[in-house]
Structure formats: C-alpha cells, structure tokens
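The values are calculated or read from the model by the stated rules, or taken from the named source; none is laboratory data. A quick note: this is a predicted structure, and the numbers were derived from the prediction, not measured. A quick note on method: Cβ atoms are made from the backbone with ideal geometry, for glycine too, and the neighbour counts reach across all protein chains shown. The accessibility values were calculated without ligands, DNA or RNA, using every heavy atom of the protein model including side chains. Shrake-Rupley method; radii C 1.70, N 1.55, O 1.52, S 1.80 Å.
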Amino acid sequence: MSKAQIEANIQTFLRIRPSKKPSGYVEDVDGQSIKFNLPDTREDNGGHVNNTKLKHAFHFNGTVPMNASQEDVFKKVGQPAVQNALDGFNSTIFAYGQTGSGKTFTLTGGPERYIDRGIIPRSISMMYNEFRTRSDMQFKAYVSYLELYNETGYDLLDPSHETKALEDLPKVTMLEDEHGNFHLKNLSMHEATSEEDALNLLFMGDTNRAIAETPMNMASSRSHCIFTISIEARLTGSDTVRRSKLHLVDLAGSERVRTSGSTAGVRFNELKSINLSLSALGNCISSLSEKKRHIPFRDSKLTRLLQDSLGGNARTALVINISPCDADAQESLSSL
C-alpha cells in the first residue's frame with residue numbers, strides 16, 4: 001500500500017471543545033493545522049536552564065473549531081465514513097481525548113436538543129435514507145453495542161432488560177477457530193429494519209453504559225464503547241451479498257494517572273487498563289502507517305476486536321478532542 005493510500009485510509013481530525021473561558025493557547029491556522037503555545041511557567045532552578053518546549057505545531061486532515069455545529073462535524077467526519085461503509089468498506093470512527101473533552105458529545109450528542117445529535121444518530125439517519133433511495137440495492141442492517149471495561153467485554157444490548165449494574169450484563173468472550181478467525185460469544189446482533197429501530201437500540205445501550213465518578217467528570221464513562229452497524233447489501237436479483245461494518249468507538253478518557261487524582265484501588269486499575277489499551281491502539285496505527293509486516297493486534301481486546309476494520313482497505317477516522325482551558329493544557333498537549 002502506498003503512502004498516499006495510507007493517508008487516504010487513516011484520517012485525523014481535531015475538535016476543540018467549546019468553552020466560555022478559553023485560554024487562547026490553541027490557534028487554528030488554516031483549518032488543517034494548529035499552533036499550540038503553552039504558557040511559560042518555568043521556574044529558575046538555581047541557574048540551570050529549563051529547555052521545556054512551549055511552542056508546538058500539529059497537522060490534521062481537518063480541524064473543527066469551538067463554534068462548529070454538530071452538523072459541521074458530521075459532514076466533515078461522519079458522512080464520508082457512512083458512505084465508505086455503504087460502498088463496502090469496513091469503516092471506524094474513534095473519539096479520543098481526556099475525560100470531559102467532549103468525546104461522547106461528538107459521537108452521541110446532547111440529550112436536550114435535536115440539533116445536538118452526534119455522529120451516531122446522524123449516521124443512522126443518513127444510512128437509512130440511502131437504503132430508501134438506492135432502489136437497485138437491497139440492504140439489511142444489524143446493530144451491536146459492546147462495552148470494554150478493564151479488558152472485559154459486556155453486551156449493552158442484553159434483551160433481558162433487567163440490568164442493574166455492569167456485572168449483570170452478559171460477558172462477551174472471544175473465541176478463535178483453527179483458521180485464526182475469531183468469534184464473539186454472547187454479543188447479540190439485532191436486525192434494525194428502520195431508523196427508529198436503530199435509534200431505539202442506541203438508546204437502550206446508552207442506558208446500560210457503566211458510569212463512574214472521577215475528579216475530572218462527574219458522569220464519566222470509564223470504558224471503551226463500540227457501537228457497530230453491520231450492513232448486508234446485494235443488487236436486486238443477485239445472490240451475491242456484500243458485507244461491511246461501521247464501528248463508532250467512544251474511547252475512555254486518556255488522562256495521566258497524576259491528573260486523574262487516582263492513586264490506588266478500582267479507579268487506579270481502571271486507568272491502567274485504559275492507558276494500556278490506548279497504547280496498544282496507537283502502536284497498531286503506527287505500525288500500519290509505517291507499513292510494518294507485524295501489526296500487534298493481539299496486544300489488547302480493543303485492537304483484536306477491530307482488526308478487520310484497521311489497515312488494508314479499511315477506512316479509519318480519529319477525532320482528537322481537546323479542551324482549550326488553562327487547567328487542561330498539559331493533557332491537551334498529551335492528547336495531540
């Protein structure tokens with residue numbers, strides 16, 4: 001695969017979370033590049049020079065400014081991903097960043113206003129509109145919703161409707177056959193015959209998501225959540241079925257241990273698990289971009305689950321979410 005193909009298949013975007021008191025250390029240059037200027041808080045260490053770098057530059061396929069609407073984000077990131085999936089490519093959108101930077105808002109949206117719908121509900125709407133307008137094709141869509149918490153998978157669409165805690169959900173296990181293909185046991189797949197069906201499944205899964213209190217966000221998901229739409233398409237009158245997937249992945253917060261305020265116990269173990277899986281994801285994407293022969297998909301369940309949608313002809317979009325507030329400067333730099 002050429003460098004141009006890799007760049008076309010792996011896209012990066014930056015979204016700056018709206019803030020009433022932005023510090024101004026992030027400057028959008030041209031819609032694809034930013035300048036990141038940290039405030040100079042270096043102290044005099046008895047004559048020793050502190051050469052900590054304060055000015056940085058980053059480049060993306062696109063940037064989303066603070067005043068951008070949810071529709072703007074969808075047109076730039078979500079719409080191409082949905083079109084790729086409809087055309088037969090496995091596609092994935094990741095929302096990455098520290099806790100509270102707006103990842104869930106970007107993907108799912110706000111609950112109060114229709115205009116605040118995120119990438120997932122807008123993708124569903126676009127997909128079913130395409131199903132209706134493409135009269136030469138017959139489509140079927142299936143939805144699954146998986147949560148990865150401390151490297152354990154849970155089915156968020158458990159049909160029993162008796163969930164009281166995360167531990168009540170069916171545990172999803174990965175089984176590998178003699179050909180090296182893996183299968184997910186206990187992950188339910190639900191056919192969605194309409195946009196309403198798919199949205200109802202999204203709502204059901206969101207109500208089952210595990211949330212926990214952290215110092216940075218009082219209602220923060222401490223897990224990775226993967227909403228997947230599997231598409232079956234065939235030309236009218238043909239027996240040939242084309243299959244593709246659209247994964248929409250809300251990654252857990254990427255903050256460092258020191259920033260999180262957790263030093264031991266459950267929250268500390270959560271953070272270690274999160275950072276290890278995010279590191280594994282980064283290693284896979286780096287290996288793919290460098291065209292290495294060995295891609296370490298087996299280093300985490302997250303990368304193993306998404307193996308067929310990373311690399312090759314798959315299309316991947318990474319949305320880095322950052323906060324423009326002074327208190328979050330170091331975490332924003334770390335995310336970038």
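Return the single residue from Ser33, Ser101, Ser160 with maximal mean-square fluctuation; model: Gaussian network over the chain, springs between Cα atoms under 10 Å.
Ser160
Could you order peptides 116-123, 247-254, 182-189 by the average number of other Cβ atoms within 10 Å of their residues, highest first?
Result, highest mean first: 247-254, 116-123, 182-189.
Select from Val26, Ala141, Leu184 the residue farthest towards the positive end of the dipole of the chain; place +1 on Cβ of Lys and Arg, -1 on Cβ of Asp and Glu, and compute about the Cα centre.
Looking along the dipole axis, the top candidate is Val26.
Of Thr207, Thr92, Ser335, which is farthest towards the positive pole of the chain's charge dipole, taken about the Cα centre with +1 and -1 on the beta-carbons of Lys, Arg and Asp, Glu respectively?
Ser335
If I ignore ligands, DNA and RNA and count only protein heavy atoms, how much of His294 is accessible to a 1.4 Å probe, in Å² to the nearest 10?
Using a 1.4 Å probe on the heavy atoms, I get roughly 140 Å².
Want the number for Glu232 to Glu71: 0.36 nm per residue separation, take away the alpha-carbon distance, what's left?
In short, 55.3 nm is gained.
Extension gain Asp239-Glu191, at 0.36 nm per residue separation less the Cα-Cα distance, in nm?
15.3 nm
Modelled label-to-label distance, Lys20 and Arg134, 7 Å Cα→beta-carbon offset: nm?
Result for the modelled spin labels: 4.5 nm.
R0 = 25 Å: FRET efficiency of Gln79 with Val29, Cβ-based, nearest 0.05?
The formula returns an efficiency of 0.55 here.
Springs between alpha-carbon pairs under 10 angstrom, Gaussian network model over the chain: which of Leu14, Leu278, Leu166 fluctuates most?
Leu166
Suppose a student asked you for the relative contact order of the chain, using Cα pairs under 8 Å spaced at least 6 residues apart; what percent would you report?
27
Using a simple charge model, +1 on the beta-carbon of Lys and Arg, -1 on the beta-carbon of Asp and Glu, nothing else, what dipole does the chain show about its Cα centre, in debye to the nearest 20?
The dipole magnitude comes to about 720 debye.
Measuring with a 1.4 Å probe in the full set of protein chains, what accessible area per residue, in whole Å², belongs to the chain?
Result: 51 Å² per residue.
Report the convex hull volume per residue for the stretch 81-177, counting only C-alpha atoms, in Å³.
185
Take the alpha carbon gyration tensor of the stretch 265-336, find the square roots of its eigenvalues, order them as a ≥ b ≥ c, and report rounded if a/c is under 1.5; if not, report prolate when a/b exceeds b/c, else oblate.
Oblate, since a/c reaches 1.5 and b/c is not below a/b.
Please work out which option in (1) 1.02; (2) 1.63; (3) 1.12 gives Cα Rg over 2.2 N^0.38 Å calculated from these coordinates, and answer with its label.
Structure-derived value, by its label: (1).
Quick one: order Lys103, Lys291 from most to least accessible surface, probe 1.4 Å.
From most exposed to least exposed: Lys291, Lys103.
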